[in-house]
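Working notes for the structure below.
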Amino acid sequence: MNNLAKKLGWAAGLCLFLLLHCPRLAHSQIVYKKEEAARKPIFKKNIVKLNYLSLGIGSLSLFYERVINPNLSFQTGLLYTRRVSIFNNLTSGVAITPELRYYFSEKKSAPQGFFIGGFLRYTNYYFSSATSGYRIISIAGGILVGSQWILNRWLTIDVWGGPMYAFNQTMQDDTVRLLTPVLPERGPEFRIGSTLGIAF
């Protein structure tokens, strides 16, 4: 009987403790979450973007960025080009660029503010003239730094640039590897760009 009374006493004491302190803990957690949300609001999680600089060289370059958490986002880029020079030389090809971005801003959430990113890039270009044709396949990886802004809650602009290291292979008529490559087989390169986009 005494043991049962002791157990009931402990249970009553625990219930009283929880009743007195749980509301405070819950209130503190709610306040913290509100402060965190106020500090890092995520207005938009998706952005579709156009690299307007690529239009000047006859290429269409589109990006889709998706926010993962207040500091991290994933982006995929797709480039397509097909142009004919005044000498009737044809250049065509595609490029795919997956990218991971980390945003450092403490007052704004991704996808806004200063960021550092890492990316991979696959390109496949074909060049032809009246006398010959060759294809360049490249796989590269690198880092970049930049910043992105959201204007009027939906219009975005970002600028970025950074080094990358590329491995290139040049082939003639898609089958024969050229003894004298058009580009170095490997080496450092630089990537730069700017986009306009719509956030939603």
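For region 150-185, the set of residues classified as among the β-branched types (Val, Ile, Thr), at pLDDT 85 or above and surrounded by fewer than 13 Cβ atoms within 10 Å (Cβ to Cβ) is empty. Scanning region 46-70 for residues that are outside any strand (DSSP E or B) and at pLDDT 95 or above yields a total of 2. Considering (1) more than 16 Å from the chain's Cα centre (by Cα); (2) touching a residue at least 24 places away in the same chain (Cβ under 8 Å), the lone condition that Ser85 does not fulfil carries the number (2). Please tell me if Ala110 is among the hydrophobic types (A, V, I, L, M, F, W, C) and crowded, with 16+ Cβ neighbours inside 10 Å. Taking the combined requirement at face value, the residue satisfies it.
The values are calculated or read from the model by the stated rules, or taken from the named source; none is laboratory data. What you see is a predicted model; the values in this text were computed from it and never measured. Note that each Cβ is placed from the backbone with ideal geometry, even for glycine, and that neighbours are counted across all protein chains shown.
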